[in-house]
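Undergrad: Questions regarding the structure given below will be posed in turn.
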Amino acid sequence: MKITSMVLATLTAALVGTRLVTRIGPRRQLVLGPVLAAGGLVWLTALVPGDGYWAHIFGPLVLAGTGFGLSFVPMTMAATSGVPHTQAGLAAGLINTTRQVGGAVGLAVMATFAGRAATHDLRHGVKLAAALTTGYDRAFTIAAGAPVGCARPAPAPPAPPPANLTAAGEARTRAQTDGPSSGAVFVTSAE
């Protein structure tokens, strides 16, 4: 139940992010969001056994959640810019799939390192709470590395293709989706 603070921060930041991106642009927001997320995750590495929720966990969760939420909109904008209208659904599906798979792989990596660190400490006589905290510290350190690696200005969106190439591409896409029985002709050049 206490993770709700991060969920609410992510939701609120995603809603605010839609307005903020129009003011500062997706490139700046793709730096701001990951930096905030990494800051919250690094802050969580300072936990020690017995730390209270409100004094030591609430702030980092809100900071990380805010960073994640601010990243959603500009990340989607950057990933779908320059994609033809006819393929927007495919691009959105790939973005969502990448987020899901990335989260699953990231969780597996973090759990592996956390488990190894905790097991190492337990074998050397460290108490369970301290060993688990060491494991979580490792996981949060690794997790902070991902947004830091992403916190760079996004490349400028590609220039739109010339109008005659766009028309040819749309005609080609229609011909491919209509199939051979429709009598559509493939367009190879637009002159």
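Undergrad: Here is a check on your reading of the model: is Ser71 in the same structural domain as Ala38 (by TED's automatic domain parsing) and touching a Leu at 6+ places or on another chain (Cβ under 7 Å)?
TA: The answer is yes for Ser71.
Undergrad: Hey, another quick one. Could you run through the stretch 34-62 and say how many residues are farther than 16 Å from Thr141 by Cα and either of a type in the set (Val, Ile, Thr) or assigned to a helix (DSSP H, G or I) (or both)?
TA: Matching residues across the stretch 34-62 total 7.
Undergrad: Quickly run through the stretch 1-10 and pick out the residues that are in contact (Cβ under 8 Å) with a residue 24 or more places away in the chain and either surrounded by fewer than 18 Cβ atoms within 10 Å (Cβ to Cβ) or not in a helix (DSSP H, G or I) (or both).
TA: Scanning the stretch 1-10 gives Lys2, Ile3, Val7, Leu8.
Undergrad: Another one. Check the stretch 11-27 and report whether any residue there is over 21 Å from Asp137 (Cα atoms), in contact (Cβ under 8 Å) with a residue 24 or more places away in the chain, out of contact with any helix residue (DSSP H, G or I) (no Cβ under 8 Å at 6 or more places or on another chain) and among the charged types (D, E, K, R).
TA: no
Undergrad: Further question on the same structure: Would you be able to say whether some residue in the stretch 66-87 is among the small types (Gly, Ala, Ser), at pLDDT 95 or above, closer than 15 Å to Val148 by Cα and within 15 Å of the chain's Cα centre (by Cα)?
TA: Looking through the stretch 66-87, at least one residue is among the small types (Gly, Ala, Ser), at pLDDT 95 or above, closer than 15 Å to Val148 by Cα and within 15 Å of the chain's Cα centre (by Cα).
Undergrad: Could you figure out which of (1) out of contact with any helix residue (DSSP H, G or I) (no Cβ under 8 Å at 6 or more places or on another chain); (2) more than 30 Å from Val16 (Cβ to Cβ); (3) surrounded by fewer than 18 Cβ atoms within 10 Å (Cβ to Cβ) isn't true of Leu90?
TA: Condition not satisfied by Leu90: (2).
Undergrad: Just to be sure I understand the filter: pairs with C-beta atoms under 7 Å, separated by 6 or more residues or on different chains, first member in the stretch 51-80 and over 12 Å from Ile3 (Cα atoms), second member loosely packed, with under 15 Cβ neighbours inside 10 Å and not β-branched (Val, Ile, Thr). Which pairs pass?
TA: If the second residue must be loosely packed, with under 15 Cβ neighbours inside 10 Å and not β-branched (Val, Ile, Thr), the pairs left are Gly69/Leu11; Thr80/Ala88; Thr80/Ala92.
Undergrad: Based on this model, can you work out whether Thr133 counts as surrounded by 14 or more Cβ atoms within 10 Å (Cβ to Cβ) and part of a helix (DSSP H, G or I)?
TA: yes
Undergrad: Give the number of residues within the stretch 34-56 that are of a type in the set (Gly, Ala, Ser) and in contact with a Lys or Arg (Cβ under 7 Å, 6 or more places away or on another chain).
TA: 0
Undergrad: Another question, then. Of everything in the stretch 63-108, what is β-branched (Val, Ile, Thr) and part of a helix (DSSP H, G or I)? Give them in sequence order.
TA: Within the stretch 63-108, Thr66, Val73, Thr76, Thr80, Thr86, Ile95, Thr97, Thr98, Val101, Val105 meet the criteria.
The values are calculated or read from the model by the stated rules, or taken from the named source; none is laboratory data. Predicted model only: the values in this text are computed from it and were never measured. Positions of Cβ are generated from backbone atoms using ideal geometry, with glycine treated the same way; all protein chains shown enter the neighbour counts.
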